[in-house]
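Below: the structure, in structure tokens.
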Amino acid sequence: MKVLILSINYWPEVAGIGAFTTYRAEYLAGAGHDVAVCTAFPYYPEWKVPQGYARKLAATEERNGVRIFRSYVYVPNHVTSVKRVLHEGSFIASSLIRAIARKRPDVLLVVSPPLGLAVSAILLSRTWGIPFVFDVEDLQPDSAAELGMLPRWALRFLYKLEKSAYRNAELVTTLTGGMRSRILEKGISAEKVELLEPRADDSLFEIEAAEGVAFRKRFGLGNKFLATHSGNMGVKQGLDVIVEAAVLNRSDDSMQFLLVGDGAVCERIQHKVADLGLGNVRFLPLLGAEDFRGLLAASDVCLVTQQRSISEVAFPSKVVTYMAAGRPVIASVNSGSEIEQTVRESGGGMVVAPEDGMALLAAIQDLRGADTIKYGQNARNYASRRWSSVRVLAQMERSLASAAGYDAKSMAREGSTR
């Protein structure tokens with residue numbers, strides 16, 4: 001099966017969509033499929049293109065059997081609504097040029113956001129006479145409406161584009177049951193919408209305590225109780241709630257809040273912490289694989305925070321990562337959200353109201369006095385049942401093959417000829 005993937009994010013990005021797309025593409029290539037990816041130069045979550053990729057219009061690479069075709073993307077220094085539109089538009093245009101020059105695949109896998117890639121999907125699908133699978137990682141029009149990011153006319157355009165994408169796709173896939181329900185509410189038939197859940201990094205199931213000890217020693221963290229937030233530091237994450245909790249707990253030298261990663265609001269949060277003179281908050285940059293494992297092993301509690309305005313169906317990848325690593329989770333999120341349901345269902349942590357620093361701190365202190373090992377074991381067991389690579393990625397392969405018109409017998413025949 002020949003698969004062409006359109007995704008604005010890809011390796012070496014390790015957060016969010018980039019990680020999702022990379023492991024999916026590499027799994028398919030490892031299973032013997034012909035896989036190519038049209039993507040941007042890496043920029044996320046720092047919103048900065050690394051030196052090795054800077055000032056290029058296009059590049060071609062290969063990694064783990066996947067051919068990677070990169071094209072220009074405008075990356076603003078300061079992200080605004082208008083600049084984000086230009087950012088996404090630049091990639092949609094440049095990647096379409098790169099994609100149309102490729103040989104005809106059997107199926108397209110198109111990752112949204114950006115929702116505008118639906119235009120490319122429809123054009124390529126009709127030009128080549130092939131189906132496309134529209135993979136929804138975020139309900140972009142709904143998110144924009146909830147955050148008040150765009151005027152009404154722009155939102156109307158996005159909703160029309162979204163409807164066209166769903167109508168023309170052979171299959172629509174999405175991350176969670178809540179997101180699937182939201183798509184069905186938009187008038188899409190249930191038979192056309194499937195779950196394509198995130199997969200856990202199976203190596204995280206084997207994290208050892210010694211890795212945490214080494215991490216603490218390297219970064220001078222001693223025996224402090226570590227409450228960690230890692231990944232993208234953007235508007236949606238509502239990180240001010242962690243700062244508020246730190247202010248309330250500033251006299252407790254035995255607890256350290258770690259904010260690890262980068263993003264659009266990172267600098268503002270750093271300035272805020274400095275202005276408040278908070279010695280119990282520490283920032284670390286994005287970490288390499290070994291240090292990231294150490295961070296997870298060292299963390300006593302991992303935090304998931306979101307603004308109150310964020311949709312209840314939003315489901316950040318860090319939830320899967322934390323739980324696979326056997327870390328207790330405290331989620332500062334809306335009641336009834338997909339995250340709340342997952343944390344409560346797993347027995348792997350606690351949930352508090354969003355934007356409430358006092359409630360967040362109380363939960364951290366409650367969990368500190370509880371059996372954190374039990375919470376961690378519950379989290380890991382749940383992650384293993386729900387998000388194991390074998391289950392999740394095999395389902396993805398079957399869904400793509402079905403959309404491309406392959407059945408099990410034809411897939412087996414094709415595999416035998418390789």
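One table, with the values for the structure above:
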item: Segment A353-V213, length gained on full extension (0.36 nm per residue, minus Cα span); result: 47.2 nm
item: Estimated 222 nm signal from helices in the chain, with DSSP H stretches of n ≥ 4 weighted -39500 (n - 2.57), rounded to 500; result: -14000 deg cm²/dmol
item: Positive-end extreme of charge dipole, the chain - chosen from M233, A190, N168 (charges on Cβ); result: N168
item: Gain upon complete extension [K272, L184; 0.36 nm per residue less C-alpha separation]; result: 27.5 nm
item: Residue with peak Gaussian network fluctuation, the chain [Cα springs, cutoff 10 Å], from Q51, Q377, Q270; result: Q51
item: Choice from P316, P131, P12 with maximal GNM fluctuation in the chain (Cα, 10 Å cutoff); result: P12
item: Overall Cα dimensions of segment 1-86 - principal axes, largest extent first, Å; result: 41, 23, 19
item: Linear extension gain, K83 paired with W153, 0.36 nm per residue minus alpha-carbon span; result: 23.5 nm
item: Charge dipole (the chain, unit charges on Cβ, about Cα centre) - positive-most of S203, T342, M323; result: S203
item: Angle in degrees between helix 81-100 and the longest Cα principal axis of the chain, rounded to the nearest 10; result: 40 degrees
item: Rounded to whole Å, sorted largest first: equivalent-ellipsoid semi-axes of the chain, Cα gyration tensor; result: 36, 23, 21
item: Square roots of five times the Cα gyration tensor eigenvalues for segment 202-386, Å; result: 22, 20, 16
item: Spin-label zone in segment 48-89 - amide nitrogen under 11 Å from a point set 7 Å from the Cα of L123 along the C-beta vector; result: none
item: Beta bridges by DSSP in segment 44-179, antiparallel share as percent, to the nearest 5; result: 40 percent
item: Dipole magnitude of segment 202-386 about its Cα centre (Cβ charges: Lys, Arg +1; Asp, Glu -1), debye to nearest 20; result: 220 debye
item: Lysines whose Cα lies under 25 Å from that of K224, excluding same-chain neighbours fewer than 8 positions away; result: K272, K318, K374
item: Relative contact order of segment 202-386, pairs being alpha-carbon contacts under 8 Å that are 6 or more residues apart, as %; result: 25 percent
item: Fraction of antiparallel bridges per DSSP, the chain only, in percent to nearest 5; result: 10 percent
item: Distance in nm between pseudo-label sites at R308 and K2 (7 Å out along the Cβ direction from Cα); result: 5.4 nm
item: Inter-probe distance in nm under a simple model that places probes 7 Å from Cα toward Cβ, at A59 and F283; result: 2.6 nm
item: The chain: relative contact order in percent, alpha carbon pairs under 8 Å with at least 6 residues between; result: 14 percent
item: Pairwise centroid distance, computed over Cα atoms, of segment 346-387 with segment 219-244, Å; result: 15 Å
item: Gaussian network model of the chain, springs between alpha carbon atoms under 10 Å - residue of G238, G32, G277 with greatest fluctuation; result: G277
item: Total charge dipole magnitude, the chain, about the Cα centre, Cβ charges on Lys, Arg, Asp, Glu only, Debye to nearest 20; result: 1200 debye
item: For F134, F225, F41, order by how many other beta-carbon atoms lie within 10 Å, fewest first; result: F225, F41, F134
item: Separation of alpha-carbon centers, segment 22-94 and segment 128-153, rounded to whole Å; result: 19 Å
item: With Cα atoms, 0 to 90° folded angle of helix 209-218 axis to the chain main axis; result: 70 degrees
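A short reminder: the numbers here are calculations on the coordinates, not readings from a lab. Keep in mind that what you see is a predicted model, and the values were worked out from it rather than measured. With ideal geometry, Cβ positions are generated from the backbone for all residues, glycine too; neighbour counts draw on all protein chains shown.
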